[in-house]
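Read-outs: derived from the displayed coordinates by stated rules, not from any lab. Since the model is a prediction, treat every value here as computed from it, not as a measurement. Neighbour counts run over all protein chains shown; Cβ positions are idealised from the backbone, glycine included.
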Amino acid sequence: MIIILSIIFVVSIIFFLYLLDKQNSHRHSVLLIVILLIFSSTFLFISKYSLIGSFTTAKMMDDYSKIVAKGNLESDDWENIDEFFETKVKSSSALLDWYQFFIEEALRQGNIPAAESWINGSLENFINLEQSYRWLAVAKKVRNAKYPEYLNTSISININNFDLCEIFAVAVAANIFRDDEPDDPITIALFYEENPVEKIVLTNEDAEAPGIDLTTAFISQDVITVGTVLFCKNNEIYSYGESDIVFAEDNKHKVINIAKDQWKQSSDSSPETN
């Protein structure tokens with residue numbers, strides 16, 4: 001827009017120089033043209049009702065920021081939003097950028113219900129893996145703002161090797177099972193370490209996807225199933241069955257102590273030990 005206005009400014013100077021020439025008999029016509037050019041450029045780019053340009057974008061962002069301030073978005077709000085997206089947003093990536101802007105604006109205002117409304121209303125627009133991952137990252141911000149007291153949950157696993165073998169690597173998986181999909185576990189934490197360890201602490205940082213973690217299981221009161229595997233340098237494998245865990249308000253840090261008789265030897269092959 002600045003470039004276009006600069007061009008108009010230069011052209012206007014030329015026109016005014018032309019007007020100063022008293023021998024020009026068309027000065028009045030030229031003056032009318034210049035006035036029309038200045039008025040049209042002002043209307044299109046700078047005025048409150050500009051049709052194009054950065055001012056319009058800023059004005060729309062201000063209008064929609066006011067919508068963000070509402071606790072819950074009504075059907076009329078979504079109609080206006082959909083119309084805006086249809087006319088101004090040309091790609092799904094840009095669409096997510098706008099949604100992220102509005103959600104983070106709501107969080108900045110401390111309006112968590114509005115941020116939740118934006119999250120719930122935007123999910124259906126993002127269907128591929130990359131977009132879903134970004135959506136989850138934004139949704140996690142909303143969840144963290146709503147439930148800050150659940151963010152530091154953890155599960156500690158005391159290996160207690162009992163000299164079963166010389167450990168090459170340790171793997172731990174924490175899963176939840178939902179009633180509607182009992183055969184399809186959701187992994188909320190995954191740990192793998194190629195060094196002997198006696199204690200493992202699972203946190204939200206071990207989640208495979210943003211927001212699908214221990215905190216989510218805590219909030220939903222899901223039963224967490226934890227399993228552990230020891231890979232030995234002699235290619236033996238020892239596995240620890242499973243522990244079912246449910247977080248409680250007074251117990252956000254669960255501890256699993258694995259007894260010697262709970263380790264079961266497996267015949268599966270272990271990872272390469274070099």
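In whole Å, what is the distance between the alpha-carbon centres of the range 173-204 and the range 138-168? If we compute the Cα centre of each part, the gap is 9 Å. Backbone amide hydrogens, once placed in the peptide plane, bring TRP263 within less than 5 Å of nothing, excluding anything fewer than 5 places away on its chain.
The length gained by stretching the chain between LEU190 and LYS252 to full extension, at 0.36 nm per residue less their Cα-Cα distance, is 20.5 nm.
For the peptides 212-218, 197-203, 172-178, the ranking by mean Cβ contacts within 10 Å, running from highest to lowest, is 212-218, 172-178, 197-203. Taking a threshold of 22 Å on the Cα-Cα distance, which of the pairs LYS146/LYS199; LYS146/LYS252; LYS233/LYS254; LYS141/LYS254 fall above it? Exceeds cut-off: LYS146/LYS199; LYS233/LYS254; LYS141/LYS254. Model label points for SER132 and VAL223, set 7 angstrom from Cα along the Cα-to-Cβ axis, are 2.6 nm apart.
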